[in-house]
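First comes the structure, then the notes that go with it.
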Amino acid sequence: MKATTSGTTTALPRLSTCRRRVVLLAATAFLVSGAVGGEQGYAQTKPDAVVGVGGIGPASLVVERGRAGRTLPFHLPVGTTQGPFDWYLIHLDYRLVLSKQSGPGFVWVSASTNGRTAAQIEYSLVRRNGRLRVRESRVDFVNGSVVRVLPGRVSEVQFRNYLQYKGVRGGKNSLRFAVETSGQAKVDRFEVKPTSGVFRTRRSPFPLKVQASMAQRPLRVGDRFRVDLTLSNRTGEPISGIELRPRFDGDSFVLHGRPARNWQRLGRPLRASFEFEARRAGMHDLRFLVDSSRNRPSASVRLAVTPGSPGRRPIEGALWATLFAPLAAGLAYLLWTGRK
Amino acid sequence: MIRLGLLIVVVAIVVTGTSGASRTEAASTQEVLELAVAEDRFFNYDFTERISSKWGVDWAVSLLFWNNATIRRVKQILAPEYDRVGGDMHGLFAETQGQYNPNYQWDTDAGRKTTQCPGGPGQPVDARHYRVYADELGEGGDDRLYNMHWGYWTFGTDHYDIEECPGGNPAWFGYSENAEEWIVWRWQVEGFPATNDWSSFYNNEPYRVEGDHIWDNNGLASALYVP
């Protein structure tokens, strides 16, 4: 089959197959100024500047089951990108009411910019003993995975996430909220709140950085060597609970010393070293994983290890030659005289 | 052409070989690699057991569902053709955002296939079968991963099951490259963008037969956009 490509068009999804019904929703009015904070992971930062998304109208927009909404345009200054200094977030605050008549199925709430989804909340619905049981799951870049079982049919969510890189550009952008159902799931009401929108922050999703280095030299099996790591805080935000640990193939390397390094917090750059011994020839990777209260970066070094070790080979060769040369000569003589 | 801001980095090689018994015939490969995009990592083969071994692989990872994916949404979209449940295999990855996830996680998926019993009475001789992996639901996960390059994403493998059912003799499994193209085709028929052979996942497997495994994968994974 011929290879094909398709563009990343974000055309409005088709409405209504027997399996899927998509309801497009217009967003609410957005605040032009003000501080929004308090969500987990943001409470201690300075207030985020808000990028207004205009033109939709006042108050929250309520969308009943079956009503379609529209995509919202918004504008960012020319040259705007996602990072490295200014970062853009989706704030999706909403209230979802599931229908009493819902049966087994799924509901997906999402928000995207320029066709790039940055908010996605999934609801799975089952009936147990006649009662509707709803499981809500969401994942974002700061908090990771959050899963809960709803006490009823109503879900109130405040969702925050960093936009995809390609979801931010200078000039014209588009913001879209959507609700999609499948199976027998039904939505009675979906209300996007006025606090929703696209926000800008200086709070980097990657404040912690790790770099690995080692002195360049030929490595042979049996050599010991050291890898130096430097951990630095790019933004000055609080980072705590730092653990640095190497990851490697135990057949290729032996680690000498402690298997991990731990620090309570990161202020000035931290430095650590790990000492290894090469056990096997070939191309190998050494990786170093960092855990922290914020991001989890990693670094790696790629090593070429050759067989043997410096200084031993010439001696070994001479030793074997000393032992075996006379033996080989004697054997040859015996064979030759034996044939006569 | 889809531009995804891809920064796939090959970061580690080969897990030590432990042959280990398995429920189905495991296959082997030269090396298993751990790929990284931003701070997410995944292994470029799935495994017959929850042991990351180059002697216990099943198939090369050749599918990337990205942007607004969850495992359930992917299966929903492919359901018109892939509506039967297969057998379990295991994917290994690390989802590094947030504070709650361990560094490396397994996910088990039976996947979906086009025919339940290929080779059985009145059944087609073969079935196409895919599996999709992400944060495991049963262990507090959410069935998808997120990074700022790919959005919400999952990864998967695919292959043919040939004469698999009793009555079909012998059973064969493989031809992943062809199976991958059919999945891309189905995705496009459903109205969504997909790029066949989008990027190297460093798992090129030229044609060879290994027991009941027919390897055939060009090492280029396809990217399927989830709206």
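Residue-wise HN-Hα couplings along segment A:163-178, as the Karplus relation 6.51 cos²θ - 1.76 cosθ + 1.60 with θ = phi - 60° gives them from phi, are 5, 5, 4, 7, x, 10, 8, x, x, 6, 10, 9, 10, 9, 10, 8 Hz; Gly and Pro carry x. Interface of B with A. Using a 1.4 Å probe and counting protein heavy atoms only, the two chains hide about 5200 Å² of accessible surface, both sides summed. Each residue of segment A:189-201 was assigned a 3J(HN,Hα) from its phi angle through the Karplus expression (A = 6.51, B = -1.76, C = 1.60, θ = phi - 60°), giving 7, 9, 10, 8, 8, x, 7, 7, x, 10, 10, 10, 9 Hz with x at Gly and Pro.
Once fully extended, how much extra length lies between A:R247 and A:T337, figured as 0.36 nm per residue of separation less the alpha-carbon to alpha-carbon distance? It would help to have the intermediate numbers written out before the result.
Numbers: separation 90, 0.36 × 90 = 32.40 nm, distance 6.08 nm.
26.3 nm is the gain from fully extending A:R247 to A:T337.
For A:S196, nonlocal amide neighbours, meaning residues 5 or more places apart or on other chains whose placed amide H falls under 5 Å from its own, are A:D93. Could you tell me whether segment A:194-264 comes out rounded, prolate or oblate from its Cα gyration tensor? Rule is a ≥ b ≥ c as square roots of the eigenvalues, rounded for a/c under 1.5, then prolate if a/b exceeds b/c, otherwise oblate. The shape class here is prolate. Can you bin segment B:52-132 into rounded, prolate or oblate? Criterion: square roots of the alpha carbon gyration tensor eigenvalues sorted a ≥ b ≥ c, rounded for a/c under 1.5, prolate for a/b above b/c, oblate for the rest. Note, shape of segment B:52-132 comes out oblate.
Sort A:V254, A:V187 by accessible area with a 1.4 Å probe, largest first. Provide the component values of the computation, followed by the final result.
On the way: A:V254 45, A:V187 15 Å².
Sorted descending by solvent-accessible area, the residues read A:V254, A:V187.
Inter-label distance, A:R258 to B:Q30: 4.0 nm, where each label sits 7 Å from its Cα along the C-beta direction.
Determine, from the Cβ-Cβ distance of B:A171 and B:R50 and an R0 of 22 Å, the FRET efficiency 1/(1 + (r/R0)^6), rounded to the nearest 0.05. Calculated value: 0.40. In terms of the ratio Rg/(2.2 N^0.38 Å) built on C-alpha atoms, what value belongs to segment B:109-227? It is 1.16. Applying both filters, DSSP loop and at most 14 other Cβ atoms within 10 Å, to the trypsin sites (Lys or Arg not before Pro) of segment B:33-94 gives B:R50. Entry for segment B:158-227 at q = 0.16 Å⁻¹: log10 I(q)/I(0) = -0.62, Debye formula applied to identical alpha-carbon scatterers, no solvent contribution.
Among the chymotrypsin sites (Phe, Trp or Tyr not before Pro) in segment A:63-161, those located in a DSSP loop and surrounded by at most 14 other Cβ atoms within 10 Å of their own Cβ are A:F85. Which shape class applies to segment B:33-79: rounded if a/c is under 1.5, otherwise prolate when a/b exceeds b/c and oblate if not, where a ≥ b ≥ c are the square roots of the Cα gyration tensor eigenvalues? Oblate shape, in that a/c is at least 1.5 and b/c is the bigger or equal ratio. Treating r as the C-beta distance of A:L327 and A:E277 and R0 as 35 Å, the FRET efficiency rounds to 0.50. Note on B:D88 and A:N129: with the Förster distance fixed at 41 Å, the Cβ-Cβ geometry gives a FRET efficiency of about 0.90.
The values are calculated or read from the model by the stated rules, or taken from the named source; none is laboratory data. Fair warning: this is a prediction, and the values are worked out from it, not measured in the lab. Backbone-built Cβ (ideal geometry, glycine too); neighbour counts: all protein chains shown. The accessibility values were calculated without ligands, DNA or RNA, using every heavy atom of the protein model including side chains. Shrake-Rupley method; radii C 1.70, N 1.55, O 1.52, S 1.80 Å.
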